[in-house]
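Encoded as structure tokens, the structure appears first; notes follow it.
Taken together, the values in this text are just the output of simple stated rules run on the coordinates, not laboratory data. These numbers were taken from a predicted model, which means no experiment stands behind them. Using ideal geometry, Cβ is built from the backbone for each residue, glycine included, and neighbour counts are taken over all protein chains shown.
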Amino acid sequence: MTSEQKQLVKDTVPVLKEHGVLLTSHFYARMFQYNPELKNIFNMGNQQNSKQQTALAMAVLAYAEHIEDPSVLLPMVDGIGQKHTSLDIRPEHYDIVGRHLIASIKEVLGVAASVELLDAWTVAYNQLASLMSGREKALYKKHTEQKGGWSGWRPFVVKQKVVESTEITSFYLYPADGGSVESHLPGQYISLRLFLPELQLLQPRQYSISCRSNSEYYRISVKKEVGSKHPDGMISNRLHNHITEGSIVELSAPAGTFILNESTLAHKVFISGGVGQTPLLSMIENLTNEADETKVSITWIHGCRNEAVHAFKDKITELSNFYSNINQHVFYEQSNELQKNKYKGWVDLEVLKETVLDHKAEYYICGPALFIKKHYNFLVENGVQKSAIYFEEFGPASLHLN
């Protein structure tokens with residue numbers, strides 16, 4: 001890009017800050033009008049609740065702000081690249097997106113969209129697309145080179161369906177071809193794709209892998225969205241209501257950057273709300289997969305509405321009873337009888353301040369955006385380094401805390 005083109009892109013930052021979601025909403029509507037087949041790739045639930053439009057607006061803004069040195073965005077690029085490979089996004093999709101994005105800029109800005117500005121954004125987009133597709137090519141290659149790895153969608157059989165609580169059920173997924181599965185890093189997710197008759201579309205959803213890595217299967221633990229007819233809950237509800245043992249589903253290879261740091265023996269503090277515990281289950285199983293005492297000190301903090309919806313409570317209790325250096329703390333919003341290390345109300349780290357705050361610890365938080373933000377802020381305000389805090393927000397990213 002020329003210096004003049006970079007300046008033109010930077011000059012759009014104020015507009016993107018104020019009207020970014022308007023632009024991305026127009027873009028998605030336009031793209032789906034002209035390329036309706038892409039509805040089979042995008043999560044239409046996130047389109048309806050505007051999460052995807054907001055996430056894209058934030059990404060475009062960040063790119064415009066750092067157009068002089070896009071390398072500072074590499075962590076974000078890696079996270080998006082992981083999500084794209086899990087959705088089987090290919091280089092040809094970037095061509096379609098680019099065409100509609102530039103057209104949307106022209107249509108939304110009107111007379112303010114000069115030829116020079118559109119040319120600058122075209123060059124900028126092509127630069128970003130090249131960066132993204134290059135990263136994704138490397139990720140696809142890495143998957144296919146691993147034992148049990150694959151690229152794109154692969155059929156799996158639901159061999160076991162296990163009820164974990166009144167809301168959460170686990171699905172044990174084995175390759176339909178009888179082969180092995182690619183190892184996953186503790187905390188990663190897989191994308192699962194089903195046909196939704198209600199929408200007449202194939203729809204993908206990401207689910208955290210809730211077990212430690214093995215060569216045979218993946219386990220996902222899915223919350224039923226009771227009473228929900230929103231597209232965002234349709235796949236989860238279809239899994240609960242229509243997918244039985246023996247059913248076939250399609251999966252993409254494991255992805256995600258929210259992973260356990262296994263390079264140190266630092267104290268691990270896991271903080272989860274509701275079904276947010278699923279990636280943390282993979283992490284704690286990974287740390288306790290030997291018969292001997294785990295060398296890592298673990299604090300497990302979980303909150304949910306009540307004991308009936310509390311999945312895996314027996315599993316975590318079993319681990320904490322077996323391993324002396326695992327401490328479990330549970331918060332129930334609704335509860336009459338509370339025992340040791342069980343509390344009434346929402347997760348409150350202030351109550352556990354002496355146990356939780358450790359300048360050598362690493363913190364892993366997963367749950368709704370407000371849950372993450374609350375506990376992240378508490379830790380930072382109490383002297384925890386941001387680099388020691390890892391978090392996973394389900395759905396399109398809306399938090400940029402680090």
Hull volume per residue for the range 24-118, using the convex hull of the C-alpha atoms, in Å³ is 114 Å³
A chain fully extended from GLU245 to GLU116 at 0.36 nm per residue, minus the present Cα-Cα distance, gains in nm 40.6 nm
Between GLN339 and GLU354, what is 0.36 nm times their sequence separation minus the Cα-Cα distance? Round to one decimal in nm. 3.5 nm
With r defined as the distance between the Cβ atoms of ASN377 and ASP177 and R0 fixed at 45 Å, what FRET efficiency is calculated, to the nearest 0.05? 0.45
Antiparallel versus total DSSP beta bridges in the chain: what percent is that, nearest 5? 55 percent
From the Cα centre of the range 131-153 to that of the range 69-103, the distance in Å is 15 Å
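Considering the convex hull of the alpha carbon atoms of the chain, report its projected area averaged over all viewing directions, in nm², one decimal.
Mean projected area of the Cα convex hull: 20.8 nm².
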Which order do the peptides 203-216, 13-26 come out in when sorted by mean C-beta neighbours inside 10 angstrom, highest first? 203-216, 13-26
Want the number for SER215 to ALA266: 0.36 nm per residue separation, take away the alpha-carbon distance, what's left? 15.6 nm
Equivalent-ellipsoid semi-axes (√(5λ), Cα gyration tensor) for the range 268-392, whole Å, largest first? 20, 19, 13
